[in-house]
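A short write-up of the structure that comes next.
The values are calculated or read from the model by the stated rules, or taken from the named source; none is laboratory data. Predicted model only: the values in this text are computed from it and were never measured. Virtual Cβ from ideal backbone geometry, glycine too; neighbours counted across all protein chains shown. Note: accessible area is taken over every heavy atom of the protein model, side chains too, but ligands, DNA and RNA are not part of it. Shrake-Rupley method; radii C 1.70, N 1.55, O 1.52, S 1.80 Å.
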Amino acid sequence: MNTQTLALVSTLAIIAVVLVMIGFGWRNRLRRQAGVDPLPAVPAEPGEPDAEAEGQYVATTTAGDWLDRIAVHGLGIRTNAVLSVYPHGVLLDRSGAPAVYIPAGRLTGVRMESGMAGKFVEKDGLLVMTWDLGANSVDTGFRTRRAADKDSLHDSLQRLIAAPQEHSQDPQSGK
């Protein structure tokens, strides 16, 4: 075997080992997070949104720990999405992944950040929503496609958090 072939085989072996280790790490993360409550049901007919914008769903992490990505329920998948704010909650309609619905009563905060879970952008480039997923407090990041949309979404989310809780009812169940 010549030197170039040996180098190629060695490189491919190292890449294969790294990929297997990444797979084991992700599987172990899923196993550790098996106790995370399921996502709230997405309303069949949510109505007209108060605000809406296209962008990218970045990740959901443990609240306050921007590196601890939540992998269960498809929350670890970065994808394009449309974020819609309704009087009853927030809907992240993700492309190629399950939609994420956050009832208004579970939303506890919204802020702007420059990064989370491997996505770093300009100062205050990400919209981060803090909410309760069962017993876990989590942060969900969203980056708007157009910078002008970020402020209107932020304002709508602030109003939703400040609104009386009767607006947080699920439009299907009335709960």
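Please give the Cα centre distance for segment 101-123 versus segment 1-60, rounded to the nearest Å.
Using only Cα atoms to place each centre, the spacing works out to 19 Å.
In whole percent, how big is the carbon plus sulfur part of the accessible area of the chain, probe 1.4 Å, protein atoms only? Provide the component values of the computation, followed by the final result.
On the way: 5290 of 9490 Å².
Of the solvent-accessible surface of the chain, carbon and sulfur hold 56 percent.
How would Phe120, Phe142, Phe24 line up by accessible area, probe 1.4 Å, largest first? Spell out each step's value before the answer.
Working: Phe120 130, Phe142 0, Phe24 95 Å².
Final ranking, largest accessible area leading: Phe120, Phe24, Phe142.
When the scattering of segment 1-155 is computed by the Debye formula from its Cα atoms alone, each counted once and equally, what is log10 I(q)/I(0) at q = 0.10, 0.11, 0.13 Å⁻¹?
Treating every Cα as an identical point scatterer, log10 I(q)/I(0) equals -0.42, -0.48, -0.63.
Count charges around Ala51 for me, please; just the other residues with Cβ under 11 Å from its Cβ, Lys/Arg as +1, Asp/Glu as -1. Intermediate results must be reported in sequence, preceding the final value.
Working: positive: Lys150, Arg159; negative: Glu48, Asp50, Glu52, Asp149, Asp151, Asp155.
Local charge sum for Ala51: -4.
So for Trp131, Trp66, what's the accessible-area order with a 1.4 Å probe, most first?
Working: Trp131 0, Trp66 120 Å².
So the residues, ranked largest to smallest area, are Trp66, Trp131.
When you count, for each residue, the other Cβ atoms within 10 Å and take the mean per peptide, how do 6-18, 103-115 rank with the highest first? Display every interim value, and only then the final one.
Numbers: 6-18: 10.2, 103-115: 17.5.
Result, highest mean Cβ count within 10 Å first: 103-115, 6-18.
Pairs of Cα atoms under 8 Å, at least six residues apart: use those to get the relative contact order of the chain, whole percent.
Worked out over the chain, it gives 24 percent.
Excluding Arg146 itself, calculate the net charge of residues whose Cβ lies under 12 Å from the Cβ of Arg146, where each Lys or Arg counts +1 and each Asp or Glu counts -1. Kindly include the intermediate steps, with their values, before the conclusion.
Details: positive: Arg143, Arg145, Lys150; negative: Glu52, Glu54, Asp149, Asp151.
My count for the surroundings of Arg146 gives -1.
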